[in-house]
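Asks: Following this message is one structure expressed as structure tokens.
The values are calculated or read from the model by the stated rules, or taken from the named source; none is laboratory data. Just so you know, these numbers come straight off a predicted model, no measurement behind them. Here Cβ is always computed from backbone atoms with ideal geometry, including for glycine, and neighbour counts include all displayed protein chains.
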Amino acid sequence: MAKLAPLGAVPLGDCAVYVEFSRALDLEVNSAVQRLARMVHAKALPWVRDVVPALAGLAIHFDPDHPDVFGDALSASLNVVSECLKEGLPKEDDASRTVEVPICYEREFAPDLAEVAAAAKVTPEEAVALHAGSEFRVLMIGFAPGHPYMAGLNPKLAVPRRATPRAVVPAGSVAIANDQAVVYPYAISGGWNIIGRTPLAVFDAHRDEPSLFGAGDRVRFKPISRAEFLKHGK
Amino acid sequence: MTIHVLRPGLLMTVQDLGRHGHQHVGLCPGGAMDPIALVIANALVGNEQGAAALEITVLGPDLQFDRDTLVALVGADFEADIALNRPVLVAGGSRLSISRAARGARAYLAVAGGIAVAEVLGSRSTYLPGSFGGIEGRVLKRGDRLPLVENSEQLSRERFERLKRKRGSSVRWSVPSFTVPDREPIVLHAIEGEHFSEFDATMQRTFFDTIWRVTPDSNRMGYRLAGPELTRAKKDEIVSGPTCLGTVQVPADGVPIALMADHQTTGGYPRIAEIASADVPRLAQIAPGGSVHFARCGLDMAAELRKDVKTRLETAMRGIAWEYGK
């Protein structure tokens, strides 16, 4: 791909900066941003509080008054970014892992599957095969702790968001809209089309690694039966 | 050793200075909405600055103490049966009633040794959206028993003993809280956000000219600001980007939202402004119905504001340390 270069840096207030690489979602840029974020994070700079990769750029949250900041924290952050870009980003394959997510597509967990299938002019079984047969990639974690935005949805299944969001979507619900998929970590309100549910905890603060997903992960869905789903939950 | 919740008040949670380093997996730091008040409250009872305390919102609780406990209630001007902004030794078996906030929205009740709930991801803060931290990740309710450190009674007596200039079960001095407003609207300094230029000149003026009212559905995640509808000139959807404590975003309904302690880490709404970090604790002291006004500010001024807060806080801390004979 073309050399990655920041479009600009926008102060996110006085304690963070957003370094933007594209104004639209570009999968190559997104992948590069995630690898860049890991590199910046790995530097473990004492004045950096958080490195947050987003869809088209990354945020560096810092302590602007930390004694180790050379000059001002905003410029220092940009210097770190250019240093990393100069050193060269790690290759994508070295950086990403694959997460296998068991999913039950039974009707009780998939209230919108029939509607999605009808819109795509396929049977629900075919819709399941299209979803489970694709490899997804986590573009960003956001909206709620552990909540992944994933690319890779088969274009045949591209349906818009629901006109009226549901007040409560059960935790673990796997939902699709447009060309993306999400997994809801908690019972929260949401407007995406629910086509299945995973028994795995998407975010568990008491786990060593609280978040099931990380930005950049490859994700595969593995269909399981209702019985297997219920067994998982125990 | 516990504090027994007889009546929980409006919204009482356990909070400390939050859990940092998890924003890349979508978890914001959270913690006290007014960390300045929390830090002062902890100092007044001789704690480390980040010890867990009770965050009390608008309408306070009735609490029962089973042992002598050194406490300090700092922040909003609550009507209470202890004096505010100073250490008070509450006698074992007695009851503490905290009523309404006459001025400000939040106060922190710190106790010697801190509230001894378990740490989750390095913090004792209650994170309500995720239902973890504090007590079962929820708002405190009647009948809860809040654990204190084992030697809290001994700590309380020793620390109270060390204090100079005592009067009865308290002291003859107090620390002025400087996050609680004397009058409204308060002025919040705001830096232009990434999408500020996508609002036309009239909208930009409107943003800075309006006296915004904090709506009743404002909470620890965000404050919604009622006023004229803000519309962005460009109508295209923006790519979701990172957000920050104090980000002011404008959803499609035109009602701006200022992101507070339990905010989302990313958002797909245009970000019109970013509130200077030094001013966010002051916004946390505005109750629903209260009003705010934005003043344009740059990074240099934001740094000056931080420096000013830091100086005032350090002065207060030095004063408290002196009273403890340090």
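Asks: If only one of A:Val174, A:Val159, A:Val219, A:Val182 is touching a residue at least 24 places away in the same chain (Cβ under 8 Å), not aromatic (Phe, Trp, Tyr) and not in a strand (DSSP E or B), which one is it?
Replies: A:Val159
Asks: Right, another one. Being at the interface with chain B (Cβ under 10 Å from one of its Cβ atoms) and farther than 11 Å from A:Arg97 by Cβ is the filter here; which residues of region A:208-222 pass it?
Replies: Residues satisfying the conditions are A:Glu209, A:Pro210, A:Ser211, A:Leu212, A:Ala215.
Asks: So, in region A:1-60, how many residues would count as being among the charged types (D, E, K, R), at the interface with another protein chain (Cβ under 10 Å from one of its Cβ atoms) and more than 19 Å from the chain's Cα centre (by Cα)?
Replies: The total comes to 2.
Asks: Still on this model: Any chance region B:284-298 includes a residue that's within 12 Å of chain A (Cβ to nearest Cβ) and within 25 Å of the chain's Cα centre (by Cα)?
Replies: Yes: one or more hits.
Asks: For region A:66-124, enumerate the residues that are assigned to a loop (DSSP other than H, G, I, E, B) and either in contact with a Ser or Thr (Cβ under 7 Å, 6 or more places away or on another chain) or aliphatic (A, V, I, L, M) (or both).
Replies: A:Val69, A:Leu89, A:Ala110, A:Val122
Asks: So, B:Asp253, is that one without any contact (Cβ under 8 Å) to a residue 24 or more places away in the chain and either among the acidic types (Asp, Glu) or outside any strand (DSSP E or B) (or both) or not?
Replies: no
Asks: Can you confirm whether B:Leu230 is aliphatic (A, V, I, L, M) and in a loop (DSSP other than H, G, I, E, B)?
Replies: yes
Asks: Where the second residue is surrounded by fewer than 19 Cβ atoms within 10 Å (Cβ to Cβ) and among the charged types (D, E, K, R) and the first is under 13 Å from A:Phe221 (Cβ atoms) and lies in region A:195-206, which pairs have Cβ atoms under 9 Å and are six or more apart or on separate chains?
Replies: A:Gly196/A:Glu106; A:Arg197/A:Glu106; A:Arg197/A:Glu108; A:Pro199/A:Glu228; A:Pro199/A:Lys231
Asks: Just one of B:Gly241, B:Gly227, B:Gly267 is away from chain A (no Cβ under 14 Å) and either surrounded by fewer than 24 Cβ atoms within 10 Å (Cβ to Cβ) or at pLDDT below 95 (or both); which is it?
Replies: Sole residue among the options that is away from chain A (no Cβ under 14 Å) and either surrounded by fewer than 24 Cβ atoms within 10 Å (Cβ to Cβ) or at pLDDT below 95 (or both): B:Gly227.
Asks: It is to be established whether one or more residues within region B:41-54 are assigned to a strand (DSSP E or B) and either in contact with a Pro (Cβ under 7 Å, 6 or more places away or on another chain) or crowded, with 24+ Cβ neighbours inside 10 Å (or both).
Replies: Yes, region B:41-54 contains at least one residue that is assigned to a strand (DSSP E or B) and either in contact with a Pro (Cβ under 7 Å, 6 or more places away or on another chain) or crowded, with 24+ Cβ neighbours inside 10 Å (or both).
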